[in-house]
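Here is the structure we will look at.
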Amino acid sequence: MSKYNTKSSPEMAVNEMGELAYVMSEKENLVSSVLTTFMTRSYYETEDEAVAKIKAAADGCDPLFVAKTAIYARQTANMRSSSHFLAAILADRVSGTEWGRRFYERIVVRPDDISEILACYDIKHNALPNAMRKGFKKALEKFDIYQLDKYKMTRKSISLIDLFNLLHPKASGKKAEAYADIIKNRGKNLHTMYESRILEKEMTAAGQKQGDALENKAQAIKAVLESPKGMPVFNLLRNLRNIFLNAPEMIGEACEQLNQQEKIRNSRLLPFRFASAYTEIEKLSYGRTNHTQIAFESDKQNLGSEDEFNKRKQQLLDAIEGALEISCQNIECLEGNTAILVDHSGSVRGDAGGHSRVSQFSRTTCAAIGNLFGAMLAYRQNDVYLGLFGDTLIAQSLNRSERMLDFARRSYAEGAKCGPSTENGLYIFLETCIREKKHIDNLVIFSDMVIGKDGSGGWDETSRVPRGEFERLFREFRQINPQCRTVCVNIRSTSGKSVFNYRLGVLEIAGWSSVIFDTIKNNSKGYQSIIDEIEAIVL
């Protein structure tokens, strides 16, 4: 037995619910924060606090690791705002590095990535770091004319023409003509230099044409859907209602594009985007389409009969669900039974007056993301228990003949009954398993990881000392289920603390993209597996 060279103890702290929690390392804190935020206000943090937390974590890490984290966030996890912020705050730390230029070239996926980073950096035109200038110039030169036309950003504080004036990209042939048009005419003629069509441009032009407005819109939609590249997936999802009402004869083509595997996989869309589109189409009804509130017979001609309307609607819902399944084909069936627990407390739903939407531009809450991921995982398992927890625990039975997205919506509504004040339902689950000596092969929890029970959180009311009850319960659960594969998915990192830790035999990961299912499948070592992936990136 070692007397002097003893094992180090993990640092502990008290979380926002008064429960003892493990303090994450700087790298874990940075990774979990970056993968679960759109840099907006959340339940426990203001926007300024979230920004300060990420900056502090980044300052505590090596700049090269921060740069690789930004690339992982942008290219693998499809997180834009947080990767833009990291790229901006790195500008003054990469001076003199041999990899700085390559970083700023690789962090750019779309032209507006450059403008977002520059806006975040609060650029002064005469103070752009060389690494950023050279990297962005190379990145800008890679975009084709269609992408440049799509992202002219004419109403933004930093537009495409500003980027050209600042970075002076070079090209030859047709691209040189496009560059000249951007400088001289603000890109007014770019659309004549490529075959792909942009729906917004076509719809604007349709509105300016003489003749039947509805017919003009239908022709514009048809032109875009039938163009060589079709319609980009995000643009397609955003315009499904528009297509449904204005060009119903094109629903088949829209559905076909939604079910093109390569197109969906390359779209970089987060899964909840498909769920949002599904919800919008589900709201459509023949009697009230919002196409017009004063409907003449001619207004309804384009919709066809009610039976035709409902068939098209069903066809579109099938296609959206199919697209979601394509985007998440890496979800495997885990061996044995699987218990899935989804946090529906106020901190992720916003039920207690908090801010739990994923961004200021979205109505989606963190609870909705966790609920969707829980449903996606549940539908791929053979023997599953799905529980929703807040002040209490509510079991959800699966009807496998029901659409997965319909089930996700129904279970999310049911989650409102859990109670917003605590995460007591998670304690109830562990206590029940211990009492019944329940055998569980896999346990997957979707939560913001701010866990506490009872009205007083985890405090001992007589001494105001944290009880540490969660760890005690979980260790008892582990004694009954020593081989249980336990995965905790952090859907909204807040304070750099978590009741879970790898020392408890828990795989803790973070994120909103389907990448999390790869990590669950591989059963790796939690944040360390993501950190290893990040560190393996070559710059």
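Tabulated results
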{"quantity": "Given (1) out of contact with any Pro (no Cβ under 8 Å at 6 or more places or on another chain); (2) crowded, with 20+ Cβ neighbours inside 10 Å; (3) not hydrophobic (A, V, I, L, M, F, W, C), number of the condition GLY100 does not satisfy", "calculated": "(1)"}
{"quantity": "Positions within region 258-269 being surrounded by 18 or more Cβ atoms within 10 Å (Cβ to Cβ) and part of a helix (DSSP H, G or I), in sequence order", "calculated": "LEU258, LYS263, ILE264"}
{"quantity": "Matching helices (runs of 4 or more DSSP H) fully within region 426-539 where at least 3 residues are modelled with pLDDT of 75 or more and either under 26 Å from PHE272 (Cα atoms) or under 20 Å from the mean Cα position of the chain (by Cα) (or both)", "calculated": "527-535"}
{"quantity": "Test: THR192 is at pLDDT below 90, under 30 Å from ASN216 (Cα atoms) and part of a helix (DSSP H, G or I)", "calculated": "yes"}
{"quantity": "Some residue of region 368-384 being over 23 Å from LEU334 (Cβ atoms) and crowded, with 22+ Cβ neighbours inside 10 Å", "calculated": "yes"}
{"quantity": "Number of positions in region 218-249 that are in a helix (DSSP H, G or I) and surrounded by 21 or more Cβ atoms within 10 Å (Cβ to Cβ)", "calculated": "11"}
{"quantity": "Flag if ARG363 is at pLDDT below 85 and either in the same structural domain as GLU249 (by TED's automatic domain parsing) or assigned to a loop (DSSP other than H, G, I, E, B) (or both)", "calculated": "yes"}
{"quantity": "Near pairs, Cβ below 9 angstrom, 6+ apart or cross-chain, from region 424-445 (hydroxyl-bearing (Ser, Thr, Tyr)) to any residue that is in a helix (DSSP H, G or I)", "calculated": "TYR427/GLU469; TYR427/PHE470; TYR427/LEU473"}
{"quantity": "Which listed residue, of ALA91, ALA127, is in contact (Cβ under 8 Å) with a residue 40 or more places away in the chain, among the small types (Gly, Ala, Ser) and more than 20 Å from LYS156 (Cα to Cα)", "calculated": "ALA91"}
{"quantity": "Failed condition for TYR278, given (1) farther than 30 Å from ALA408 by Cβ; (2) at pLDDT 85 or above; (3) of a type in the set (Ser, Thr, Tyr)", "calculated": "(1)"}
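The values are calculated or read from the model by the stated rules, or taken from the named source; none is laboratory data. All values derive from a computational prediction rather than experimental measurement. Glycine gets a Cβ as well: all are built from the backbone with ideal geometry, and neighbour counts include every protein chain shown.
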